[in-house]
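The structure under discussion appears below in the form of structure tokens.
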Amino acid sequence: MNADSELITAWRAGDAGAGQRLFARHFDSLYRFFRSKCGEDADELVQATLLACIDARDRFRGEASFRTYLFVIARQKLYRFFSTHPRFDPIVSSVADATTSVRTELAREETNAALARALRSLPLNLQTILELHYWEGMDTNELARIFDVPVGTIRVWMHRARTRLRALLDPVTS
């Protein structure tokens with residue numbers, strides 16, 4: 001039994017501290033996930049994700065890791081956050097397409113790294129896959145569960161994401 005499983009069992013049995021420790025283990029990953037796409041709204045989205053997880057704690061069946069389950073919820077919250085933008089489609093729309101607030105513009109100006117700019121130019125689906133794979137260390141099986149698609153689809157999307165990212169990072173050779 002892994003540490004998350006032990007914490008979930010204790011939490012479900014009424015140990016509130018176990019739930020806090022479980023969330024603390026994954027807070028930084030969730031925060032990075034939202035911060036790179038939502039700037040100042042990351043805190044609110046992390047909180048919404050954790051509250052949804054609390055509400056659904058008894059529905060977690062353990063078919064995937066708790067971390068994967070948490071990011072399924074996070075992805076849903078992320079898409080709901082951007083769904084208020086007209087014509088937003090996470091398959092083809094980027095964060096830059098969907099964000100126009102002054103706060104977002106300021107956050108974007110603070111982002112000077114070429115990689116961050118290139119990632120933000122990708123469709124949200126591709127950006128999310130790359131970040132979860134490279135920054136959160138998730139494999140194609142975990143990603144397939146999070147995105148609710150076959151592993152082969154994840155491999156195709158990863159290839160597309162890398163190809164587009166390379167083109168954005170080195171437009172001279174593209």
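The values are calculated or read from the model by the stated rules, or taken from the named source; none is laboratory data. Every value quoted in this text rests on a predicted model; they were computed, and no experiment measured them. Positions of Cβ are generated from backbone atoms using ideal geometry, with glycine treated the same way; all protein chains shown enter the neighbour counts.
Just one of THR68, THR49 is crowded, with 16+ Cβ neighbours inside 10 Å and without any contact (Cβ under 8 Å) to a residue 40 or more places away in the chain; which is it? Lay out the reasoning, then the answer.
Details: THR68 fails: without any contact (Cβ under 8 Å) to a residue 40 or more places away in the chain.
Of THR68, THR49, the one residue that is crowded, with 16+ Cβ neighbours inside 10 Å and without any contact (Cβ under 8 Å) to a residue 40 or more places away in the chain is THR49.
So which residues in the range 117-165 are among the charged types (D, E, K, R) and more than 16 Å from SER94 (Cα to Cα), if there are any at all?
Of all residues in the range 117-165, those among the charged types (D, E, K, R) come to 117, 120, 131, 136, 139, 142, 145, 148, 155, 160, 162, 164.
Selection gives GLU136, ASP139, GLU142, ARG145, ASP148, ARG155.
Comparison of ARG61, ARG80, ARG75, ARG120 shows that the only residue that is out of contact with any Cys (no Cβ under 7 Å at 6 or more places or on another chain), of a type outside the set (Gly, Ala, Ser), under 16 Å from HIS26 (Cα atoms) and modelled with pLDDT of 70 or more is ARG75. Mind counting the residues in the range 22-46 that are among the aliphatic types (A, V, I, L, M), without any contact (Cβ under 8 Å) to a residue 40 or more places away in the chain and closer than 20 Å to GLN127 by Cβ? Selection size over the range 22-46: 3. Residues that are part of a helix (DSSP H, G or I) and small (Gly, Ala, Ser) were ranked within the range 131-174; the one that is surrounded by the fewest Cβ atoms within 10 Å (Cβ to Cβ) is GLY152.
Go through the range 7-46 and give me each residue that's small (Gly, Ala, Ser), over 23 Å from ARG117 (Cα atoms) and buried (at least 19 other Cβ atoms within 10 Å of the Cβ). Scanning the range 7-46 gives a single hit, GLY19.
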